[in-house]
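Here is the structure we will look at.
Readers should treat all values here as calculations from the given coordinates under stated rules, not as data from a laboratory. What you see is a predicted model; the values in this text were computed from it and never measured. Please note: Cβ atoms are built from the backbone with ideal geometry, for glycine as well, and neighbour counts cover all protein chains shown.
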Amino acid sequence: MARRVVAATVAFLLAGTAFSDSAPLQDIPLKWTPTGNLAEMGPLDISGPLLTMSIRVDTFADSRQNPATVGENREKAANIRIVTTSTNVASYVTEHLRDSMRGAGLNIVDGAGDVSVSGEIREFFVTETDLYRGNLSLLVSLKDKEGKELWSGVVGGGAEHFGRSYRAKNYFETISDMVLRANYNLLANPGFHDSLKTR
């Protein structure tokens with residue numbers, strides 16, 4: 001009898017664990033949890049105008065069709081699980097672009113700057129199959145203090161991670177790393193650099 005009670009208890013606990021693991025990731029607030037930093041992604045030339053100019057980063061616009069949807073689990077074709085967030089993605093991306101630029105040594109200001117960076121979010125999504133694969137696509141515009149456009153271009157940021165299935169932690173890490181990668185790609189972009197030098 002005691003063995004049956006123990007077996008039933010174990011089965012109940014396992015069922016509860018399985019249920020909690022499959023709980024939908026809906027309206028989850030995004031957390032900033034990068035697995036590295038800009039310095040680990042490669043060398044960056046933070047010198048000359050890029051170092052001395054004051055730069056304002058305006059809040060990016062979110063041009064995606066479904067702003068709350070940030071990912072999906074496609075491990076089972078018949079059971080695709082969507083990931084949605086309660087966080088304003090445009091504010092999240094802009095905040096962490098600013099912070100990581102400031103951390104790289106740039107003079108990021110809240111008020112008027114020598115130049116401003118703005119743009120729109122065209123893609124911000126993590127697809128989970130055997131890996132978590134994330135991609136961020138930004139249309140970025142660099143303008144002088146009079147509002148004249150000095151440069152514009154599309155900047156991408158990709159990230160891949162291995163992790164347990166359908167876990168918020170793994171989505172957060174992938175999302176954070178793709179924002180960092182997009183920032184690195186912007187700061188390493190020759191056109192972005194040249195536009196500052198010829199300003």
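Worth a mention:
- Selection from Ser47, Tyr166, Asn88, by position along the positive dipole direction of region 25-197 (Cβ): Tyr166
- Dividing the mean sequence gap of close Cα pairs (under 8 Å, 6+ apart) by how many residues the chain holds gives a relative contact order of 24 percent.
- Here the Gaussian network model covers the chain, with springs between Cα atoms less than 10 Å apart; of Val57, Val70, Val109, Val109 fluctuates the most.
- Near the amide H of Val57, within less than 5 Å, lie the amide hydrogens of Val109, Val117, all on another chain or at least 5 residues away, with H placed in the peptide plane.
- Taking GluC sites (Glu not before Pro) across region 137-199, the ones in a DSSP loop with at most 11 further Cβ atoms lying within 10 angstrom of their Cβ are Glu146.
- Virtual spin-label span in nm between Glu120 and Arg167, 7 Å along Cα→Cβ: 3.7
- Backbone geometry of region 191-197 corresponds, through the Karplus equation with coefficients 6.51, -1.76 and 1.60 at θ = phi - 60°, to 3J(HN,Hα) couplings of x, 4, 4, 5, 5, 6, 5 Hz, x marking Gly and Pro.
- Option label - Rg and Dmax of the Cα atoms in Å computed here, alternatives [x] 17.9, 65; [y] 21.0, 84; [z] 16.6, 53: [y]
- Cα-based helix-to-principal-axis angle, 168-187 vs the chain, degrees rounded to 10: 10
- In straight-distance terms, cross-link reach from Lys197 covers every one of the aspartates and glutamates whose alpha-carbon lies under 20 Å from its own, apart from those fewer than eight places away in the same chain; here that gives Asp45, Asp114, Asp144, Glu146, Glu149.
- The stretch between Ala188 and Thr33, if pulled fully straight at 0.36 nm per residue, gains 53.5 nm over its current Cα-Cα span.
- Sparsely packed chymotrypsin sites (Phe, Trp or Tyr not before Pro) within region 111-199, loop by DSSP, other Cβ within 10 Å at most 13: Phe162
- Helix axis angle, 89-103 relative to the chain longest principal axis, alpha carbon, degrees: 60
- The length gained by stretching the chain between Ala77 and Ala61 to full extension, at 0.36 nm per residue less their Cα-Cα distance, is 2.5 nm.
- Couplings for region 37-54, taken from phi via the Karplus curve 6.51 cos²θ - 1.76 cosθ + 1.60 with θ = phi - 60°, read 8, 4, 4, 7, 8, x, x, 10, 8, 9, 8, x, x, 4, 8, 8, 6, 8 Hz in order; Gly and Pro are left as x.
- Antiparallel DSSP beta bridges within the chain, percent to nearest 5: 70
- Cα-based helix-to-principal-axis angle, 2-21 vs the chain, degrees rounded to 10: 20
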